[in-house]
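Q: Below is a structure I'd like to ask you about.
Bear in mind that the values in this text are calculations on the coordinates, not laboratory data. All values derive from a computational prediction rather than experimental measurement. Here Cβ is always computed from backbone atoms with ideal geometry, including for glycine, and neighbour counts include all displayed protein chains.
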Amino acid sequence: MKAELLERVGMLLLGKGFTVKCLPRSSFDIVARKDGRILIVKVLQDANSISGELAGEMRRIASFLSAAPVVVAEKAGGDLEDGVVYSRFGVYAVSFNTFGDCADGRLPFVMSGQSGLTVSVSGERLAGNMEEKGYSLSGLSRRVGVSRQMLVRYRAGKSEMSVRKAVVMQGIFGDSIFERVNIFSPGADDNQENPSVLAKKYENLGFRAADTRKAPFDIIARKESLKEKSVPSMSKGEFLEMETAGELIRFMREFE
């Protein structure tokens, strides 16, 4: 089942013009790139099977690559609903159909969380639509079936809306008032606790660095001012003897 889904995801990305590399038995199954967009994708039969450790590693790697970590699955206990974005340990999880819609630029706006299915409202767009259609807070609150205070919170962007209320709002204003969930937005920085000796060495040399356990590499490091053109190698001993970032950069430039 997973192998079939993995193949479908890979073929979909290839069809959308991505360069795709499969990395089985890793913390992610696919790394894909198109123009400036990078995705690291984990394909699972059940999104609930992802561990906090694996999701954390996906987030860390994504932050170094300015990539988006995404889980594509068939279910999360029950079947994943199309058009709904789920979250597991800070990583978005979606169905294959939702993933395909996002690749086509059709972003969803429904999130699944502890409160059930909810929608975030753009306060600015809601206020603009209310003014355009001549709705007062009192008039709209009666139409939607919420209090004036709750509408004030919606307009301030301080409260999420249930799907049932969102359906009513959509009937009045359309779905332009809802905030889209961009599952392809780059992952935020995710710092690692207790880095290894090698990761600390990189940090002492002025790099951001993190260890990995289930990726096809042991360390991922980044220095913003360094632009890599090749992938040189050195022994652990040679690396630990270096004292400055300049030494490492000069070494790497010998391979350009």
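Q: Would you mind computing, in nm to one decimal, how far apart the modelled labels at K75 and K133 are, each placed 7 Å from Cα along Cα→Cβ?
A: Taking the two extended label points, one gets 3.9 nm.
Q: A further question follows. Quote the FRET efficiency, to the nearest 0.05, computed for R213 versus S49 with a Förster distance R0 of 25 Å and r equal to the Cβ-Cβ distance.
A: Numbers: r = 17 Å, r/R0 = 0.69.
For R213 and S49, the calculated efficiency is 0.90.
Q: While we're looking at this one, here's another question. Of K16/K165; K16/K42; K2/K214; K34/K223; K21/K214, which ones are farther than 24 Å apart at the Cα? Walk me through the intermediate numbers first.
A: Values: K16/K165 35 Å; K16/K42 18 Å; K2/K214 18 Å; K34/K223 22 Å; K21/K214 16 Å.
With Cα atoms farther than 24 Å apart: K16/K165.
Q: Could you give the length gained on full extension between N182 and R37, defined as 0.36 nm per residue of separation minus the Cα-Cα distance, in nm? Mind dumping the intermediate values first?
A: Details: separation 145, 0.36 × 145 = 52.20 nm, distance 1.25 nm.
Between N182 and R37, full extension yields an extra 51.0 nm.
Q: Taking neighbour Cβ counts within 10 Å as the exposure measure, how do I30, I219 sort from fewest upward? Don't jump to the answer; show the numbers that get you there.
A: Numbers: I30 22, I219 17.
Neighbour counts put them in this order, fewest first: I219, I30.
Q: So what is the 222 nm mean residue ellipticity for the chain from helices alone, if each DSSP H run of at least 4 adds -39500 (n - 2.57) and you divide by all residues, rounding to the nearest 500 deg cm²/dmol? Could you put the intermediate results ahead of the total?
A: Working: 10 runs with 97 residues, N = 256.
So the calculated ellipticity at 222 nm is -11000 deg cm²/dmol.
Q: Moving to a separate point now. Ranked by Cβ crowding within 10 angstrom, fewest neighbours first, how are R88, R106 ordered?
A: Details: R88 20, R106 11.
Lowest to highest Cβ neighbour count: R106, R88.
Q: Taking every pair of Cα atoms in segment 117-177, average 1/r, invert it to obtain the Kirkwood radius, and report Rg/Rh to two decimals.
A: On the way: Rg = 10.0 Å, Rh = 11.2 Å.
Ratio of gyration radius to Kirkwood radius: 0.90.
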